[in-house]
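Have a look at the structure below before the remarks.
The values are calculated or read from the model by the stated rules, or taken from the named source; none is laboratory data. None of the values given here were measured: they were computed from a predicted structure. Because the Cβ atoms are built from the backbone with ideal geometry, glycine has one as well, and the counts that use them run over all protein chains shown. Heads up: the accessible areas ignore ligands, DNA and RNA and are worked out on the full protein's heavy atoms, side chains in. Shrake-Rupley method; radii C 1.70, N 1.55, O 1.52, S 1.80 Å.
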Amino acid sequence: MNAKIKFLGVAGMATLMLASCSKDEIQVSNPGDEITFNSNVTRATETTTSSLKSIKVYADAVGYNKMFIDGDVATKKDGEEVFRFSKNYYWPSDVNTIRFWAYGPSDIDVKPTITADGQSFGAYTPKSGVENPGAEHKDLVVAFTESERTSGSNVSLKFHHAFTQVVVNAKAGMEDPSRTISIKGAWIVNVQPTGLLAFSETATDNNYMSWSVSGQKTYYGLTLGTPLTLTHELGTVIGGSDKSNLMLIPQKLDKWDLKTDKPNAAKGAYILLLCRIEIKHAGAEHPGASEGGPVFSDGEFHYHQLFPESDVYNKEAYGYTCVPIDTDWKAGKKYVYNLEFCGVSSGAGLYPPTVTEPFPLENVVTTLPDGKNIGDPVLDDPISFTVTVDDWTDATQNNDTPMN
């Protein structure tokens, strides 16, 4: 057995019990101590010790020519803190060292190949699309430990999140309180969809997880049931109570290069937003040429439609804008993109590459205004978006990415 092999890993507390002897598979004349598990999951709201109801367990013991435990499911009943197998396992009396691998939830659609010689998972592709695929995403957690008999039969399994979690927030800047900014949808565009997860001794900074990605780049996000009107406090666009937070394949995103690839033929990544911006002024209608956009008078107020740019005021009209991103997504990290619209040093994004179905097109202005091209600022103000990236765990990393 290769004693150098280690594997993957979350932090809460529950006890896993590998319950009575399976002599049909393990030939020992005097079974040893019953094996129990103490499991931990790193802090997260998606998979915790409480929400994890079943796991699959593998084990490799010295002296046996096949896996000691080969993908058996351990489950936990409601109200209990103990996970149990349908059959029992004991520590073989003639074995000093056992290596344990586990992952959960047990029903996640991954195809593991776990043996004494190598541990990997088959290709996994989280659901993509424009209408909240995140609601169907699951959080895969994985664990490895190598345990000695002298450490006792209670084995500690520490799980780690294998995917990247992505959330998008937005707020209005403080510069002009008369502006109303509404967000109707958001998507992460040009992400590689498929990943292969394997153990790697060299990936020490990534809990020994190694991901390789492939596939035609795709998109993830949703149209909001009720548009989000931005305030000066962050509001959640992707990742709210609609369970839209995304569990995606860890990867280094290719940033949309505005200097050399305006059409985005290389399919650089960006956050696409469906939004509307208008200004509300008190008083009767007045000529709007100097204010920008067509004007609509309504009693004591009048409104200027700034975006989408049009010759006609339409309170139902929206348009597409975007923010290029190039984050290096790591496994087990939670990336929260905090976008600021129309602040002191921020505007309203860039005109994105041509948007077609299946993205929403009803009441959407897709024609570029005269003098505007793909990649140009939506508004003429200087703009910059601040993207803050937080770890999934308690540690926080801030990356401020100016967008010009």
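All conditions but one from (1) crowded, with 18+ Cβ neighbours inside 10 Å; (2) modelled with pLDDT under 90; (3) part of a loop (DSSP other than H, G, I, E, B) apply to Phe359; the one that does not is (2). Would it be correct to say that Ile277 is over 20 Å from Ile374 (Cβ atoms) and either surrounded by 15 or more Cβ atoms within 10 Å (Cβ to Cβ) or at pLDDT 85 or above (or both)? In short, no. Scanning the range 339-356 for residues that are open to solvent by 30 Å² or more (accessible area, probe 1.4 Å) and in contact with a Lys or Arg (Cβ under 8 Å, 6 or more places away or on another chain) gives a single hit, Glu340.
Within the range 77-90, if we keep just the residues that are in a strand (DSSP E or B) and under 20 Å from Lys53 (Cα atoms), the residue that is least open to solvent (accessible area, probe 1.4 Å) turns out to be Phe83. The lone criterion from (1) in contact with a helix residue (DSSP H, G or I) (Cβ under 9 Å, 6 or more places away or on another chain); (2) closer than 17 Å to Ala331 by Cβ left unmet by Leu197 is number (1). In the range 349-377, the residues that are on the phi > 0 side of the Ramachandran plot and aliphatic (A, V, I, L, M) never reach a residue that is at pLDDT 95 or above and loosely packed, with under 14 Cβ neighbours inside 10 Å with C-beta atoms less than 8 angstrom apart, at least six apart or across chains. Within the span defined as the range 395-402, every residue fails to be under 30 Å from Asp139 (Cβ atoms), part of a strand (DSSP E or B) and modelled with pLDDT of 90 or more. The set of residues in the range 91-127 that are polar (S, T, N, Q) and surrounded by fewer than 22 Cβ atoms within 10 Å (Cβ to Cβ) comprises Ser93, Asn96, Thr97, Ser106, Thr113, Thr115, Ser120, Thr125.
The set of residues in the range 205-226 that are surrounded by 14 or more Cβ atoms within 10 Å (Cβ to Cβ), at pLDDT below 95, over 16 Å from the mean Cα position of the chain (by Cα) and not hydroxyl-bearing (Ser, Thr, Tyr) comprises Asn206, Asn207, Met209, Leu224. Of all the numbered requirements in (1) over 19 Å from Thr229 (Cα atoms); (2) outside any strand (DSSP E or B); (3) modelled with pLDDT under 85, Ser346 misses one, and that requirement is (1).
Scan the range 248-257 residue by residue and report those that are at pLDDT 95 or above and in a strand (DSSP E or B). Passing the criteria: Leu248, Lys252. Taking (1) open to solvent by less than 40 Å² (accessible area, probe 1.4 Å); (2) farther than 15 Å from Tyr219 by Cα; (3) of a type in the set (S, T, N, Q); (4) modelled with pLDDT of 90 or more in turn, Gln305 satisfies each apart from (4). For the range 320-331, the condition holds for at least one residue, the condition being that it is closer than 23 Å to Thr194 by Cβ, in contact with a Leu (Cβ under 8 Å, 6 or more places away or on another chain), open to solvent by 40 Å² or more (accessible area, probe 1.4 Å) and part of a loop (DSSP other than H, G, I, E, B). Scanning the range 190-229 for residues being over 16 Å from Cys275 (Cα atoms), part of a strand (DSSP E or B) and among the hydrophobic types (A, V, I, L, M, F, W, C) gives a total of 8.
Restricting the first member to the range 225-239 and to residues that are within 14 Å of Gly185 (Cβ to Cβ), and the second to residues that are in a loop (DSSP other than H, G, I, E, B), the beta-carbon pairs closer than 7 Å and six or more apart or on different chains are Ile238/Ser244; Ile238/Asn245; Gly239/Asn245.
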